[in-house]
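Encoded as structure tokens, the structure appears first; notes follow it.
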Amino acid sequence: MFRKLFDPEAKIWQVMSRVGDLILLNWIFIITSLPIFTAGPSLTALSYVQFRMMDEMDEHPIRDYFEAWKGNFKRSFIIWIVYLALILICLLNISILIGIENPSKKVLLVVHGFIMAIATITLVYSLALQARFENSFTDTIVKGFIVAIAGWKATLVIGLILFAAMAITFESTRMIFLCFPFWFLIGASGLAYICNRMIYSVLDRVTSVKDKDRIKEGTDDSV
């Protein structure tokens, strides 16, 4: 028993190594996302490394992260800014609608909430596709939406996970402080890993052999 425990190939050490990598990636993700405008490239780089983990090709996760961050920066930045602007506009409109009396208020709130939900989940899938495949910029956006719909069960679970994480964290100022250690230690990379596990399965199921031939081994930032 003790011999197996101290065997570097034992499952417990593989799990501990993976957790250690996720903690390091979380810290790097936070640093590279500090200007909120660079969060898109950071999410793409995080997804790229985590997909390589699932492919068992993660010999150098930190180096791979920075290479993916730099190599995918332009496209990921544009995708992030476009969807972030759309989401912020919806949030602004919702905050205005809440404070006014309007006969169509409920309908407008539902419409804006729906648009925001679609934009958020399409953003998640588009950045994952940017991390995973060599596609044109337009294909990445369009396929992000199509794959999100094709894998609607996983999409629903991912949406609920992200919503619950944000709702719990920002429930109150006290909760923000209580959740801070979790987010600082492993929060972003841990949640991303759970979501990317589901996205990985969806992509493996819905992509064609031709698309699978375009799985990234490196990075490409041509638009």
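Since every read-out is calculated from the coordinates, none of them should be taken as a lab result. Remember, it's a predicted structure, so these values are computed and weren't measured experimentally. Neighbour counts are summed over all protein chains in view; Cβ atoms, including those assigned to glycine, are modelled from backbone coordinates with ideal geometry.
Here are the numbers for this structure:
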quantity	calculated
For the chain, built as a Gaussian network whose Cα springs stay under 10 Å, the top-fluctuating residue of S172, S76, S47	S172
Check: the chain dipole with +1 on Lys, Arg Cβ and -1 on Asp, Glu Cβ, in debye	460
Order of L156, L203 - criterion: other Cβ atoms within 10 Å of each residue's Cβ, fewest first	L156, L203
Cα shape, the stretch 2-212, gyration tensor, a/c 1.5 rule	prolate
Theoretical FRET efficiency, 1/(1+(r/R0)^6), r = Cβ-Cβ of I89 and V142, R0 25 Å, to 0.05	0.70
Potential extension, M54-K11 segment - 0.36 nm per residue separation minus Cα distance	13.9 nm
For the stretch 156-187 versus the stretch 72-96, the gap between their alpha-carbon centres in whole angstrom	20
Lysine pair count for the chain [Cα-Cα under 19 Å; pairs on different chains or 8 or more apart]	7
